[in-house]
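To start, the structure under review is shown below, and the notes come after it.
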Amino acid sequence: MKDVNLLAKRIGLVAVANLVSELYGLILLPILVKNMSISEYGVWVQIYVTVGLIPALALLGLQYSMVRFLAPARNREEAAQIFYPIAAAMSLCGIFSSAAIYIFAQPLSRVLFGGDIVAVKTLSLIIFFECILQITMNYFRSTQQIKKHSLFLSSRSIIIIISIGYLVTAGYGITGALVGMLAATSLVACITAMIVINEIGITYPRFDRIREYLSFGFPTVPGNLSGWAVSYSDRYVITILLGTAAVGYYSPGYTLGNIINIFVTPLSFLLPSALSRLYDNDEKESVIRIIGYSMRLFLTLAIPSAFGISVLSRPILEILATPEIAKEGFLVTPFVALSAIFIGGYAILSQRLILEKKTKAMGTILILTAALNLGSTIIAVPIMGITGAALTTLLAYAFAYIVACHVIETEIDIQLDRAFIVKCTISALIMSGFLMATRPVSAQGILGAIIISAIIYLISLFAIGGISKEEILFLKQLAR
């Protein structure tokens, strides 16, 4: 039980930091929307999406190799000999990708960024520092320095909020937003790099194991691309077919629905390194137990949140954005919220595939999912508009989860508690009935309704036996 308690404490710490990181998009939403044109906001969304894409491709999956191979390192010297070859390769990839974006700034701006060349050139610098940040943050993750990781993750988000908020409200528009992101990313990247170097020293890297690192990480690249395609390619399709303004209407509703990810990101962050240690020590029962607790914890929080956000989507968007955006995009939120439950479940279950080094299976699942999503989005958007893009996202994520369940149950024998899912859903429906009856519209009314509905959900879940004593202890550890 000791391993579960330790993981619970770390999940709680990462959850707080991740909450700040995930919420900064919602915090900035009213600032950006109300100080930019809808087309400018659409360009910002495209920049944000591209920052998520390029490192996922350019780093060749080496960030996952770092987590997998650095976590079991026994001393500083061994850690340095694993870290530096991977870090050197990742840095080189970052330089190449940043240079390519700068060189091809003109055609890229014309196709995807509304002709804003300055924005694309600034993006190239952001990409470079984002790659450096990926190196240092994955070092903290691999070495279980959760407090440092959480501190810098939160700090970056806070700096982004402050700098972008100031520059955009001062009238600098999309340029101010990009400069704010560049300042925050470069500052945190440089500070964390100095800390890592101070910890392990400077060692000449030996590249004798680089083939092993690449063979583990590279098969994840199609999966990363596919994962990005499932999550973000709809923005590109909408831009090409409907224009950047349509992305501006689509993104706020998507951002609101995607807030469900705050419940799975801490688990996705901590599980690979924590489970790698247990798995390598042949503690497979602990691995199964932790995956089971993680899944139930995620569903306990995600299912009612998806129902609540869906019911309250329109009034929340009217407060955070504008009535026009709320009218055009509120139907996007329910589809995205439900999608987040499916992809969260996939992220937790797939940890066993990572431990078994079945990254090719993960890549295949995500490639098929991306193909389904991209193809159906191209068909649905001209017919249904931005709501069609949200619907196809849901279908794609559901497909990924169902296929993963089949692969995992067949090959690795993890049983899913379907009765528990039903209990959570019933309790969430009871809670939703209260929200639909009250129909809050003001910020105070929405906040009060959320608090009361959460209490209703928990009471209902306890009443039908949805939470066990062991899970209550797990939750208590999170609260400490």
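Tell me, which residue of segment 80-107 that is closer than 19 Å to residue 175 by Cα, buried (at least 19 other Cβ atoms within 10 Å of the Cβ) and not β-branched (Val, Ile, Thr) is nearest to the chain's Cα centre (by Cα)? Checking each candidate, the answer is 98.
Considering the conditions (1) outside the structural domain of residue 400 (by TED's automatic domain parsing); (2) touching a helix residue (DSSP H, G or I) at 6+ places or on another chain (Cβ under 8 Å), residue 198 is excluded by exactly one of them, (2). Of 447, 458, 478, all but one fail to be at pLDDT 85 or above, closer than 16 Å to residue 263 by Cβ and assigned by TED's automatic domain parsing to the domain that holds residue 316; the exception is 458. Whenever a residue of segment 270-291 is charged (D, E, K, R), its partners that are assigned to a helix (DSSP H, G or I) and at pLDDT below 70, lying with C-beta atoms within less than 7 angstrom and at least six residues away or across chains, give the pairs 289/4. Does residue 301 qualify as being at pLDDT 85 or above and within 18 Å of residue 402 (Cβ to Cβ)? In short, no.
Would you confirm, using the coordinates I've provided, whether residue 215 is part of a helix (DSSP H, G or I) and surrounded by fewer than 16 Cβ atoms within 10 Å (Cβ to Cβ)? The answer is yes for residue 215.
Determine whether segment 108-116 contains at least one residue that is under 27 Å from residue 248 (Cβ atoms), surrounded by fewer than 18 Cβ atoms within 10 Å (Cβ to Cβ) and free of Cβ contacts under 8 Å to residues at least 40 places away in the same chain. Yes, segment 108-116 contains at least one residue that is under 27 Å from residue 248 (Cβ atoms), surrounded by fewer than 18 Cβ atoms within 10 Å (Cβ to Cβ) and free of Cβ contacts under 8 Å to residues at least 40 places away in the same chain. Of everything listed in (1) outside any helix (DSSP H, G or I); (2) hydrophobic (A, V, I, L, M, F, W, C); (3) under 30 Å from residue 382 (Cα atoms), the single unmet condition for residue 202 is (3).
Only one entry in 276, 226, 231, 294 is surrounded by fewer than 22 Cβ atoms within 10 Å (Cβ to Cβ), modelled with pLDDT under 85 and either assigned by TED's automatic domain parsing to the domain that holds residue 81 or part of a helix (DSSP H, G or I) (or both), namely 276. None of 305, 339, 313, 350 is crowded, with 19+ Cβ neighbours inside 10 Å and over 24 Å from residue 429 (Cα atoms) except 350. Would you say residue 400 is under 30 Å from residue 242 (Cα atoms), under 27 Å from the mean Cα position of the chain (by Cα), of a type in the set (A, V, I, L, M, F, W, C) and at pLDDT below 90? For residue 400, the condition - under 30 Å from residue 242 (Cα atoms), under 27 Å from the mean Cα position of the chain (by Cα), of a type in the set (A, V, I, L, M, F, W, C) and at pLDDT below 90 - is met.
Restricting segment 461-472 to residues that are surrounded by 15 or more Cβ atoms within 10 Å (Cβ to Cβ) and assigned to a helix (DSSP H, G or I), the residue that is modelled with the lowest pLDDT is 471. Screening residue 174 with (1) surrounded by 22 or more Cβ atoms within 10 Å (Cβ to Cβ); (2) within 21 Å of the chain's Cα centre (by Cα); (3) aliphatic (A, V, I, L, M) gives one miss only, at (2). Based on what the data block shows, is residue 49 at pLDDT below 85, part of a helix (DSSP H, G or I), touching a Lys or Arg at 6+ places or on another chain (Cβ under 6 Å) and not assigned by TED's automatic domain parsing to the domain that holds residue 233? Considered against the rule, which asks whether it is at pLDDT below 85, part of a helix (DSSP H, G or I), touching a Lys or Arg at 6+ places or on another chain (Cβ under 6 Å) and not assigned by TED's automatic domain parsing to the domain that holds residue 233, residue 49 comes out as yes.
The values are calculated or read from the model by the stated rules, or taken from the named source; none is laboratory data. What you are looking at is a predicted structure, and each value in this text was computed from that prediction instead of being measured. Using ideal geometry, Cβ is built from the backbone for each residue, glycine included, and neighbour counts are taken over all protein chains shown.
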